[in-house]
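Remarks on the structure that follows.
The values are calculated or read from the model by the stated rules, or taken from the named source; none is laboratory data. Source: prediction; values computed, not measured. We place every Cβ from the backbone using ideal geometry, glycine too, and count neighbours over all the protein chains shown. Protein only, heavy atoms only, side chains kept; ligands, DNA and RNA dropped before computing areas. Shrake-Rupley method; radii C 1.70, N 1.55, O 1.52, S 1.80 Å.
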Amino acid sequence: MESDVIVVGAGPGGSATAAHLARRGLHVTLLEKTTFPRDKICGDGLTPRAVKQLIRLGVDVSEGAGWKHTRALRIHGGRIAPFEMPWPQLADFPDFGMVCRRSVLDQRLAEHAAAQGVRLVTGANVSAPVIDERTDRIIGVRTGDGRVFSAPVVVACDGVSSRLATRMGIHRREDRPMGVAVRAYFRSPLSDDDCLSSWLELWDGRPHESALLPGYGWAFPEGDGTVNVGLGMLDSSEAFHNTDYRQLMKRWLSHTPPEWGFTDENQEGPIRGAALPMAFNRQPAYHRGLLLVGDAAGMVNPFNGEGIDYAMEAGEMAADSIAEAHYRGVGTRSAEKALEGYQTQLKARLGGYYRLGTVFVKLIGDPRVMKLCTTYGLPRKSLMRMVNKLLANLTDSRDGDLSDRVINTLTRIVPPA
């Protein structure tokens, strides 16, 4: 075998997985189909949960290292003035978020993995798994140009369509929510803002005079003179399949204040979109030597569309299981139990929370429910602080306040997704 592990896809999940594996003493090959820098459709916002994962990787996240820090989430919606909710003060998570373009973030994390000893190979477009006919397990991957990379364990971090998972017979679950997001960059004076801005109401036209859709909008300041502006929508609405999202975004932007600069003249590049696979919509996350991480396993948070933090968390869990299997002796029953433990750990850590998210998605799919939430919920700041913790999954696991205990109890008692 050329490596102990092959990781396919050098997004945040793939680079985090590879780096954690290398720090555990394994020989890792990280395959990326493109070359850096390369763009990815994303809001570019990192909540404190994602920042924690970067810290666990050993990444310098200080502002002096080139990161744009944020101190709060600014909420727009209902008929009240926008208000700010500072990131909560917790023992388990830092009290700041960040913004970083994916073209920059992904390259930084891939280079960080390489600095840990990972063999990074770019321009390696994986087209198929290599299967051992005797054991029916994956033992490597083949690229489109005919190269073969071998390892007894493979991690698929190859995105929402996950060619590897599909070829291994792991298909998407239709009973799990799916979203779509579109975004563009605008030159704007809001670029130096220290808050992430989020719109909890998405109107199909003029606010309060058009249809209310099950989605949200955002404006995340990059700190480089531009703002990442976009919107997301869920498939829990009949409008999901009947909406031109780029035109919807243009209509939405036409009702923003002119001084923000969200105009055609200030737009940099086209409006681009991507799917958001949610709530473990591809299972199992381990099968015949293949582990799924990030969008390949549908790990996007149904509450708010985040995926980066969960991909990096899963990457560390995958590294733990693979390292255990490696040192127990890959191919033994004990090693297989360690690999199977990855799926168990995912369910225990995130399954209940994602189950609550699927209920949330169904509820806000009804515009009447969404209107009630924004009309009666937004004016209540104490309630919104709890909602902010729930949507961003930011609670203390021990010795938290009442809202932490309520959220943690809910995620424990519901069946896992």
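With the structure loaded, tell me whether R282 is open to solvent by less than 20 Å² (accessible area, probe 1.4 Å), among the basic types (K, R) and either at pLDDT 95 or above or farther than 26 Å from W203 by Cα (or both) or whether it fails that test. In short, yes. Residues in the range 293-315 that are more than 8 Å from the chain's Cα centre (by Cα) and either modelled with pLDDT of 95 or more or surrounded by fewer than 24 Cβ atoms within 10 Å (Cβ to Cβ) (or both): V293, A296, A297, G298, F303, N304, M312, E313, A314, G315.
Of all the listed residues (G66, G97, G78), the sole one being at pLDDT below 90 and in contact with a Ser or Thr (Cβ under 8 Å, 6 or more places away or on another chain) is G78.
Checked against the criterion of being surrounded by 14 or more Cβ atoms within 10 Å (Cβ to Cβ), part of a loop (DSSP other than H, G, I, E, B) and over 25 Å from the mean Cα position of the chain (by Cα), the range 172-191 has at least one qualifying residue. Out of all the residues in the range 286-336, which are on the phi > 0 side of the Ramachandran plot and of a type in the set (D, E, K, R)? Residue satisfying the conditions is R288 alone. Taken together, the residues in the range 95-105 that are within 26 Å of D396 (Cα to Cα) and either more than 19 Å from the chain's Cα centre (by Cα) or surrounded by fewer than 20 Cβ atoms within 10 Å (Cβ to Cβ) (or both) amount to 2. Among the residues of the range 128-145, are any in a strand (DSSP E or B), among the basic types (K, R) and within 16 Å of A10 (Cβ to Cβ)? Within the range 128-145, not a single residue is in a strand (DSSP E or B), among the basic types (K, R) and within 16 Å of A10 (Cβ to Cβ). Here S210, S198 are screened, and the one residue that is of a type in the set (S, T, N, Q), out of contact with any helix residue (DSSP H, G or I) (no Cβ under 6 Å at 6 or more places or on another chain), open to solvent by less than 40 Å² (accessible area, probe 1.4 Å) and not in a loop (DSSP other than H, G, I, E, B) is S198. If only residues of the range 18-43 that are closer than 17 Å to G140 by Cα and among the β-branched types (V, I, T) are counted, the one that is surrounded by the fewest Cβ atoms within 10 Å (Cβ to Cβ) is T29. One residue stands out among those in the range 70-92 that are open to solvent by 60 Å² or more (accessible area, probe 1.4 Å) and of a type in the set (K, R): the one that is farthest from L391 (Cα to Cα), which is R79. Whenever a residue of the range 387-416 is closer than 19 Å to P302 by Cα, it has no partner that is modelled with pLDDT under 90 and among the small types (G, A, S) lying with C-beta atoms less than 6 angstrom away and at least six residues away or across chains. Note on the range 224-244: residues that are over 12 Å from A184 (Cα atoms) and of a type outside the set (G, A, S) total 10. Just one residue in the set S150, S191 is small (G, A, S), at pLDDT 95 or above and touching a Pro at 6+ places or on another chain (Cβ under 9 Å); that residue is S191. When you go through (1) at pLDDT below 95; (2) more than 29 Å from G179 (Cβ to Cβ) one by one for A91, which number turns out not to apply? Here A91 clears every test but (1). Closer than 22 Å to S197 by Cα, out of contact with any strand residue (DSSP E or B) (no Cβ under 6 Å at 6 or more places or on another chain) and open to solvent by 40 Å² or more (accessible area, probe 1.4 Å): does that describe D320? The answer is no for D320. Please work out if P379 is outside any helix (DSSP H, G or I) and either farther than 27 Å from L196 by Cβ or in contact with a strand residue (DSSP E or B) (Cβ under 8 Å, 6 or more places away or on another chain) (or both). No: the conditions fail for P379. Filtering L356, L350, L346, L339 for residues that are part of a helix (DSSP H, G or I), of a type in the set (A, V, I, L, M), open to solvent by 10 Å² or more (accessible area, probe 1.4 Å) and on the phi < 0 side of the Ramachandran plot leaves a single hit, L356. In the range 248-270 there is at least one residue matching the filter, namely being open to solvent by less than 10 Å² (accessible area, probe 1.4 Å), touching a residue at least 40 places away in the same chain (Cβ under 8 Å) and among the hydrophobic types (A, V, I, L, M, F, W, C). Taking only the range 222-247 into account, find how many residues are out of contact with any Pro (no Cβ under 7 Å at 6 or more places or on another chain), of a type in the set (A, V, I, L, M) and closer than 21 Å to P177 by Cα. Summing the residues that are out of contact with any Pro (no Cβ under 7 Å at 6 or more places or on another chain), of a type in the set (A, V, I, L, M) and closer than 21 Å to P177 by Cα in the range 222-247 gives 2. Checking the structure you have, find out if any residue of the range 6-29 is at pLDDT below 95, out of contact with any Cys (no Cβ under 9 Å at 6 or more places or on another chain), of a type outside the set (S, T, Y) and part of a loop (DSSP other than H, G, I, E, B). Looking for residues that are at pLDDT below 95, out of contact with any Cys (no Cβ under 9 Å at 6 or more places or on another chain), of a type outside the set (S, T, Y) and part of a loop (DSSP other than H, G, I, E, B), one finds none in the range 6-29, hence no.
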